[in-house]
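Enquirer: I have a structure I would like to understand better, so I am pasting it below and will then ask my questions one at a time.
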Amino acid sequence: MKAAVYFDKGDIRYVDRPIPTIDDDEVLIKMQACGLCGTDIHKAIGRGVEPETVLGHEVSGEIVKVGRQVESYEVGDRVFVAHHVPCFTCDQCRRGAYSLCPQFKQTNLDPGGFSEYIRVPGLHVKHTMGKIPNEMSFETGALVEPVACCIHGFESINYHPGDSVLIMGAGQIGCIQIQIAKYLMAGNIFVSDINPYRLKQSLELGADYAIDSRSEDLVEKIMNITNGKGVNTVIISAGISSLLSQAMECVSRGGTVLVFAPFQNHLVPIPAARFFNDEVKIVGSYSSNPYNYTVAIEMLKKNVFNVNKMITHRFPLSQLNEAIDCAHSPEEQVLKVIITP
Ligand SMILES: [Zn+2]
Ligand SMILES: [Zn+2]
């Protein structure tokens with residue numbers, strides 16, 4: 001089989017790999033679609049992983065082989081599958097922080113999503129795999145994992161229907177969050193970005209205000225529109241740590257800043273008095289957990305998301321380098337990129 005294997009920065013090779021063999025509690029799937037996540041791009045261009053790693057974790061495909069002990073799936077089933085499984089028994093799991101479980105990151109698909117065939121280990125078969133309805137496309141199925149991550153983010157904050165929301169960063173994740181906020185009956189939805197194409201798309205996906213933070217003063221604009229109150233929820237979906245300072249100026253009394261992007265380990269100044277005086281909260285959210293997948297597939301079934309507008313590019317597995325270049329090029333009109341076999 002073929003797989004797109006990461007060797008070094010800008011060096012992903014389309015190479016032959018043996019088709020994985022499966023154990024009795026495992027299944028083998030033929031990948032049909034795998035989303036290119038921001039974290040894949042981050043790892044590929046930032047030397048974030050070991051050479052010979054196969055990236056990709058937003059997977060959908062068709063089952064081509066089933067282990068003897070697997071009862072709930074059969075050959076031909078169309079499925080989505082995510083890459084990390086918590087143990088459900090450790091101290092983090094006991095407290096509901098499943099993505100912080102020590103087992104979480106040790107579990108993975110074999111060899112990874114950007115591969116023609118993928119071995120799904122027993123734990124994943126049990127906890128992170130699910131069927132895709134016949135009428136749903138594999139591309140839509142590949143959105144289960146990123147949607148689940150965004151649901152996990154909303155679960156982490158004290159969200160109330162009617163809340164105003166500011167999403168900083170209108171990329172592939174910001175676009176999912178706009179639509180979830182709308183589905184959860186948000187009040188005004190604000191989006192900020194520096195990319196005119198993304199700002200335009202975010203309005204079409206349901207944002208009420210799209211603010212170009214290069215040409216407009218974000219804090220001033222938010223304060224004008226909200227009569228000086230600020231927004232109840234600020235979600236940072238761009239990996240720029242300095243946004244935290246700005247977010248703290250945009251959030252209302254009693255509001256929450258949700259950090260939904262990897263930051264550099266910079267020291268960022270924030271107005272410290274706001275915690276006690278205004279009961280402002282800063283919350284972090286990483287990845288998703290098995291309970292989020294059920295909600296994600298239901299939301300996708302109910303057409304909460306405008307998938308056609310969100311998926312802007314498709315590349316075959318043999319062109320993963322090109323796909324990554326495209327996805328982080330400021331010149332491209334790009335949101336979600338899907339890799340096909
Ligand atoms: Zn992802
Ligand atoms: Zn655990």
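The values are calculated or read from the model by the stated rules, or taken from the named source; none is laboratory data. Being a predicted model, the structure only gives us computed values, none of them experimental. Note: ideal-geometry Cβ built from the backbone for every residue, glycine included; neighbour counts use all protein chains shown. Heavy atoms of the whole protein, side chains included, go into the accessibility calculation; ligands, DNA and RNA do not. Shrake-Rupley method; radii C 1.70, N 1.55, O 1.52, S 1.80 Å.
Enquirer: Looking at Val27, is it farther than 28 Å from Gln172 by Cα, open to solvent by less than 40 Å² (accessible area, probe 1.4 Å) and modelled with pLDDT of 95 or more?
Expert: When the stated conditions are applied, Val27 passes them.
Enquirer: Given the condition modelled with pLDDT of 95 or more, in a loop (DSSP other than H, G, I, E, B) and either basic (Lys, Arg) or buried (at least 20 other Cβ atoms within 10 Å of the Cβ) (or both), answer yes or no: does some residue in region 247-267 qualify?
Expert: yes
Enquirer: Here's a check for you: in region 115-128, which residue that is farther than 21 Å from Ala296 by Cβ and outside any strand (DSSP E or B) is farthest from ligand 1 (Cβ to nearest atom)? Give the steps one after another, and end with the answer.
Expert: From region 115-128, those farther than 21 Å from Ala296 by Cβ are 115-117, 119, 122; that's our starting set.
If we keep only those that are outside any strand (DSSP E or B) too, we end up with 116, 122.
Numbers: Glu116: 20, Gly122: 22 Å.
Only one residue fits best here, namely Gly122.
Enquirer: Within the bounds of region 269-279, is there any residue that is open to solvent by 60 Å² or more (accessible area, probe 1.4 Å) and among the polar types (S, T, N, Q)?
Expert: Yes, that holds for at least one residue.
Enquirer: Give region 61-77 a look and list any residue that's touching a Lys or Arg at 6+ places or on another chain (Cβ under 7 Å) and outside any loop (DSSP other than H, G, I, E, B), or say none.
Expert: Passing the criteria: Gly61, Glu62, Val64.
Enquirer: Could I ask something else about it? Consider region 181-209. How many of its residues are farther than 21 Å from Glu332 by Cα, assigned to a helix (DSSP H, G or I) and either of a type in the set (Lys, Arg) or open to solvent by 10 Å² or more (accessible area, probe 1.4 Å) (or both)? Walk me through how you get there before you give the answer.
Expert: First, pick out the residues of region 181-209 that are farther than 21 Å from Glu332 by Cα: 181-190, 206-209.
Those still in the list that are assigned to a helix (DSSP H, G or I) too: 181-183.
Filter once more, keeping what is either of a type in the set (Lys, Arg) or open to solvent by 10 Å² or more (accessible area, probe 1.4 Å) (or both): 182-183.
Going through region 181-209 one residue at a time, the tally reaches 2.
Enquirer: Select, from Phe114, Phe80, Phe88, the only residue that is among the hydrophobic types (A, V, I, L, M, F, W, C) and farther than 28 Å from Met136 by Cα.
Expert: On the way: Phe114 fails: farther than 28 Å from Met136 by Cα; Phe80 fails: farther than 28 Å from Met136 by Cα.
Testing whether each residue is among the hydrophobic types (A, V, I, L, M, F, W, C) and farther than 28 Å from Met136 by Cα leaves just Phe88.
Enquirer: Name the residue, out of Ile235, Ile178, that is open to solvent by less than 10 Å² (accessible area, probe 1.4 Å), assigned to a helix (DSSP H, G or I) and within 22 Å of Asn158 (Cα to Cα).
Expert: Ile178
Enquirer: Looking at (1) under 30 Å from Leu203 (Cα atoms); (2) free of Cβ contacts under 8 Å to residues at least 60 places away in the same chain, find the lone condition where Phe275 falls short.
Expert: So Phe275 meets the others, but not (1).
Enquirer: A follow-up question, please. From the list Leu199, Leu203, pick out the single residue that is out of contact with any His (no Cβ under 9 Å at 6 or more places or on another chain) and under 27 Å from Tyr286 (Cβ atoms).
Expert: From the options Leu199, Leu203, the qualifying one is Leu199.
Enquirer: For Tyr73, state whether it is outside the structural domain of Gln172 (by TED's automatic domain parsing), away from ligand 1 (no atom under 16 Å from the Cβ) and of a type in the set (Ser, Thr, Tyr).
Expert: Yes.
Enquirer: Among the residues of region 38-81, which ones are closer than 22 Å to Gly130 by Cβ and at pLDDT below 95?
Expert: Selection gives Thr39, Asp40.
Condition check ((1) in contact with an Asp or Glu (Cβ under 9 Å, 6 or more places away or on another chain); (2) open to solvent by 10 Å² or more (accessible area, probe 1.4 Å)) across all residues:
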{"residue": "Ala3", "(1), (2)": "yes, no"}
{"residue": "Thr21", "(1), (2)": "no, yes"}
{"residue": "Gln32", "(1), (2)": "yes, yes"}
{"residue": "Val49", "(1), (2)": "no, yes"}
{"residue": "Glu52", "(1), (2)": "no, yes"}
{"residue": "Gly61", "(1), (2)": "no, no"}
{"residue": "Gln69", "(1), (2)": "yes, yes"}
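Enquirer: Of all residues in region 81-106, count the ones that are within 10 Å of ligand 2 (Cβ to nearest atom), crowded, with 22+ Cβ neighbours inside 10 Å and outside any helix (DSSP H, G or I).
Expert: 3
Enquirer: Still on this structure: Quickly run through region 135-158 and pick out the residues that are modelled with pLDDT of 95 or more and part of a loop (DSSP other than H, G, I, E, B).
Expert: Glu135, Met136, Ser137, Ala142, Leu143, Ser156, Ile157
Enquirer: Hey, another quick one. With the condition being hydroxyl-bearing (Ser, Thr, Tyr) and open to solvent by 20 Å² or more (accessible area, probe 1.4 Å), I'd like the helices (runs of 4 or more DSSP H) fully within region 283-337 carrying at least 2 qualifying residues.
Expert: 290-301
Enquirer: Also, quick follow-up: If Gly56 satisfies all but one of (1) in a loop (DSSP other than H, G, I, E, B); (2) touching a strand residue (DSSP E or B) at 6+ places or on another chain (Cβ under 6 Å); (3) open to solvent by 20 Å² or more (accessible area, probe 1.4 Å), what's the number of the condition it fails?
Expert: Answer for Gly56: the failing condition is (3).
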